[in-house]
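A single structure is presented below for examination.
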Amino acid sequence: MTDQEEKRSSYPSRYGQPGAENGKTDSGHRKPVSESGRPASVKRRSVPIIYQDEESGRGSEKKDAVKPQESARREEKTNGTAAPAAGKRPVRETEAEHEARIRRAEALRGKEEHRTADPNARETVEKHGKSSKKASKASQKPVTEEQDLYDEDEEESGKKKRRKGGFFRFLLTLILILALVEFVVVFVLTGRMDHKPMEPIAEEADYNLPGQYEKGVMNVLLVGTDARIVGEDSRSDSMIILSICPLKHKMYMTSVLRDSYVDIPGYGMNRLNHAYQMGGGRLLIQTIEQNFGIRIDGYAKVDFYSFIEIIDAIGGVDINVSAEELRWLDPYLGEINLLMGLDVYDSWIYEEGVHTLSGRQALAYGRIRYIGTDFGRTNRQRTVLMAALKKVLKTNPVQLFKVAQTTMENITTNMSRLKMTLLIMRIPFLATYRIESDQIPYDNTWWNDTMGAGGEVLGIDLETVRRMFRERVYGR
């Protein structure tokens with residue numbers, strides 16, 4: 001025995017002390033013993049390196065052609081049986097560690113065999129859904145344990161992406177369900193409106209109008225009548241064109257003065273507010289389109305009492321009342337109180353400043369015409385409408401639903417239920433729009449005129465008004 005062999009035999013083997021009764025190996029180490037008591041041969045397997053053949057698609061095992069002594073040293077180093085260096089204590093490997101290492105090697109080998117199982121496939125689809133291209137013979141690389149860990153990371157990343165995609169699909173489904181529920185609820189509520197479809201304007205009437213919904217613009221005519229008795233024929237006391245411009249992210253409120261001297265189709269020259277009394281909403285729309293070149297996509301009408309109920313339903317509107325306006329507000333409020341059978345002094349306001357006006361007070365404020373003539377009057381009407389619109393746009397959906405239940409039956413419109421439903425569903429988006437207001441006729445486009453009977457009216461430069469409205473609303 002050489003000195004090197006004696007030194008190796010002096011160290012304890014993981015199979016026991018050297019020289020035991022069950023026999024020894026050539027190096028002096030003890031042979032393992034099976035359960036039957038017979039010596040069992042020690043089988044040591046090294047993990048073969050798997051190469052992938054591009055043409056056959058099969059994995060092949062290749063072992064380095066080395067000398068027997070070098071192979072033995074490698075095996076001893078791999079299995080932990082190599083002799084320790086001088087001056088260092090040996091590292092002992094327990095049975096459990098040895099078995100765990102063998103299991104890891106077999107598992108790695110099984111994965112590689114599974115990947116190369118199909119000899120005819122040009123590419124193998126891995127568990128995480130991605131295809132791995134076969135390497136050419138010239139660039140064959142052994143599949144290492146590091147590569148396997150990388151593949152496991154890729155698989156885990158794929159799972160995370162699938163979970164994320166599933167969440168977004170669930171969120172999208174939930175949004176669609178909520179939108180469908182909202183549509184059904186609003187559609188049912190719009191059934192409470194007084195829908196009065198009107199016959200289309202005659203095709204031969206060419207008013208040089210913008211195209212329908214040109215640049216996404218929708219013009220809705222809001223009409224307030226001066227009917228004191230429900231259902232009576234009355235004149236339009238307030239006419240405001242609400243223009244929704246999605247491309248500009250704006251809404252324009254344009255008042256049309258009731259004393260505008262215009263040509264009413266079939267009736268001749270007269271004040272604009274007489275058109276509604278003569279032919280209802282259809283004739284009023286036709287008159288506006290013919291004279292001002294403004295396409296009206298629909299109208300909504302309320303009377304005195306409907307206006308009061310709507311303002312009360314939203315909790316009133318905040319208005320800054322001046323001392324001069326206060327002087328006339330209370331007398332108008334007294335008239336409304338008498339019409340409704342209330343005390344003439346009920347809810348009078350005695351101080352100027354910001355007040356939350358009720359429906360009756362807001363109606364009285366909007367009817368003041370002795371300050372600033374009809375231009376000041378329409379400005380106050382737009383002030384009330386703007387305050388009401390802003391409040392509605394900021395109302396939460398539950399409260400808005402309650403308001404709609406109260407107010408829908410007070411509105412008369414020529415728009416279909418579907419059209420009204422889609423318009424109401426846009427309210428949350430309209431809340432972010434900037435609101436601007438103006439009036440027709442614009443400054444420097446009108447003059448005082450008289451009718452045949454001597455009544456005072458407003459003469460209007462219609463061509464200039466047409467051009468200015470299109471520039472402001474349509475941007476041309």
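The values are calculated or read from the model by the stated rules, or taken from the named source; none is laboratory data. Keep in mind that this is a model prediction, so the values were computed, not measured. Reconstructed Cβ throughout: ideal geometry from the backbone, glycine too, with neighbour counts over all protein chains shown.
Kindly evaluate GLY279 against the criterion of being of a type outside the set (Val, Ile, Thr) and in contact with a Pro (Cβ under 9 Å, 6 or more places away or on another chain). Walk me through how you get there before you give the answer.
Working: of a type outside the set (Val, Ile, Thr): yes; in contact with a Pro (Cβ under 9 Å, 6 or more places away or on another chain): yes.
So GLY279 passes the test.
Can I ask one more? Tally up the residues in segment 318-336 that are surrounded by fewer than 18 Cβ atoms within 10 Å (Cβ to Cβ) and within 37 Å of the chain's Cα centre (by Cα), please.
Total satisfying the criteria: 2.
Inspect segment 256-263 for any residue being modelled with pLDDT under 90, assigned by TED's automatic domain parsing to the domain that holds ASP443 and surrounded by 18 or more Cβ atoms within 10 Å (Cβ to Cβ) and give the result as yes or no.
No: segment 256-263 contains no residue that is modelled with pLDDT under 90, assigned by TED's automatic domain parsing to the domain that holds ASP443 and surrounded by 18 or more Cβ atoms within 10 Å (Cβ to Cβ).
Kindly establish whether LEU363 is surrounded by fewer than 18 Cβ atoms within 10 Å (Cβ to Cβ) and among the aliphatic types (A, V, I, L, M).
No; evaluated as a whole, the condition is false for this residue.
Report yes if some residue within segment 353-368 is touching a residue at least 40 places away in the same chain (Cβ under 8 Å), over 18 Å from VAL302 (Cβ atoms), in the same structural domain as GLY459 (by TED's automatic domain parsing) and touching a helix residue (DSSP H, G or I) at 6+ places or on another chain (Cβ under 6 Å); otherwise report no.
Among the residues of segment 353-368, at least one is touching a residue at least 40 places away in the same chain (Cβ under 8 Å), over 18 Å from VAL302 (Cβ atoms), in the same structural domain as GLY459 (by TED's automatic domain parsing) and touching a helix residue (DSSP H, G or I) at 6+ places or on another chain (Cβ under 6 Å), which makes the answer yes.
May I ask you to say which residue of ARG380, ARG417, ARG467 is surrounded by fewer than 16 Cβ atoms within 10 Å (Cβ to Cβ) and among the basic types (Lys, Arg)?
So the residue among ARG380, ARG417, ARG467 that is surrounded by fewer than 16 Cβ atoms within 10 Å (Cβ to Cβ) and among the basic types (Lys, Arg) is ARG467.
What is the residue count in segment 192-243 for residues that are modelled with pLDDT of 80 or more and small (Gly, Ala, Ser)?
Final tally of qualifying residues: 5.
Working carefully through the options GLY279, GLY341, GLY293, GLY315, find the one that is surrounded by fewer than 19 Cβ atoms within 10 Å (Cβ to Cβ), closer than 21 Å to THR407 by Cβ and either among the aromatic types (Phe, Trp, Tyr) or assigned by TED's automatic domain parsing to the domain that holds ALA453 (or both). Before the answer, list the steps.
Numbers: GLY279 fails: closer than 21 Å to THR407 by Cβ; GLY341 fails: closer than 21 Å to THR407 by Cβ; GLY293 fails: closer than 21 Å to THR407 by Cβ.
Answer to the check: GLY315.
Return the only residue of GLU456, GLU436 being surrounded by fewer than 18 Cβ atoms within 10 Å (Cβ to Cβ) and under 20 Å from LEU221 (Cβ atoms).
So the residue among GLU456, GLU436 that is surrounded by fewer than 18 Cβ atoms within 10 Å (Cβ to Cβ) and under 20 Å from LEU221 (Cβ atoms) is GLU436.
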